[in-house]
1. Give the long-range amide H neighbours of Phe84: residues separated by 5 or more places, or on another chain, with amide H under 5 Å away, using H modelled in the peptide plane at 1.01 Å from N.
2. At 0.36 nm per residue, minus the direct Cα-Cα distance, what do Arg158 and Thr127 gain on full extension? Give it in nm, one decimal, please.
3. Could you tell me the distance between the Cα centroids of segment 109-123 and segment 184-206, to the nearest Å?
4. Tabulate in residue order the Karplus-calculated ³J(HN,Hα) for segment 199-204, using 6.51 cos²θ - 1.76 cosθ + 1.60 with θ = phi - 60°, rounded to whole Hz; enter x for Gly and Pro.
5. Suppose R0 equals 25 Å. What FRET efficiency, 1/(1 + (r/R0)^6) with r the Cβ-Cβ distance, do Arg115 and Thr65 give to the nearest 0.05?
6. Report, to one decimal in Å, the Kirkwood hydrodynamic radius for segment 77-157 based on all distinct Cα pairs.
7. For Val168, what charge total do you get from the other residues with a beta carbon under 15 Å from its beta carbon, if Lys and Arg give +1 and Asp and Glu give -1?
8. What does the net charge come to around Thr195 if you take all other residues with beta carbon closer than 14 Å to its beta carbon, with K and R at +1 and D and E at -1?
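The values are calculated or read from the model by the stated rules, or taken from the named source; none is laboratory data. From a predicted model like this one, the values you see are computed outputs, not experimental measurements. Here the Cβ is made from the backbone with ideal geometry for all residues, glycine too, and neighbour counts use every protein chain on show. Just so you know, the surface numbers come from the protein's heavy atoms only, side chains and all, with ligands and any DNA or RNA stripped out. Shrake-Rupley method; radii C 1.70, N 1.55, O 1.52, S 1.80 Å.
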Amino acid sequence: MSSRRVSVVAILVTTGALGGCGGSAHRAAPGAAASGSATTPAGTATGSGAGGAGALSADARSAATGDIPDNQVFLTFAARSAGFSIKYPEGWTRSGAARTVTFRDKNNLVRVLVRPGAAPSAASVSTQLAALKRASPTLTFTTPHAVTLRAGSAVRARYMTLTAPNPVTGRRVKLVVDRYELAHGGRVAVVDLGTPVGVDNVDAYRMMIESFRWR
């Protein structure tokens, strides 16, 4: 074989090897993306309920935040088109439209959904949560019961959801959510206040639900 032919063959073999390496790197990217999407983004609603009030879900990739401090400053959010207002912690991220708004600080989540409907009952809320459990098997809930808020009569229940394992650490986050449903003038508000297990936001969340007003 002449020296010219040897050079051409060497170039072709080298080029083919480099092309093979590039192809392997390109194929690895979809696998990495799939692993990253294995957990549910914070605040995402799972399952379905009446009026779209799905269950809140935590994010296994986010560390649980600490308790809301006693000196926390609260702001008032007023949704004129939906006809309600509620206080929320300053610094939390707000997202969503007027009739479905979410406030969050990592895995601390508060969502308000307003829809047309009749006054809820313990039985109707139990039916909704049972439907959510069928869609999300890790969900568990307590028996709903009637309570009285400053905004009027309401139904309260507590449900718990568990995230899928974190693709890297295997860690799962359990979110505990207090759900309140109350009605006024043909509208129903579903208020979910969620916090990870081990984080104590009882006083702050009580103040928030008591700050809810129909407008």
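1. Residues meeting the amide H criterion: Ala79, Arg215.
2. Result for the pair: 9.8 nm of gain on full extension.
3. 12 Å
4. Taking θ as phi minus 60°, the curve returns 9, 9, 10, 4, 5, 5 Hz for segment 199-204.
5. Working: r = 29 Å, r/R0 = 1.16.
Once the sixth-power term is evaluated, E becomes 0.30.
6. 14.6 Å is the Kirkwood radius here.
7. For residues surrounding Val168, the net value is +2.
8. 0
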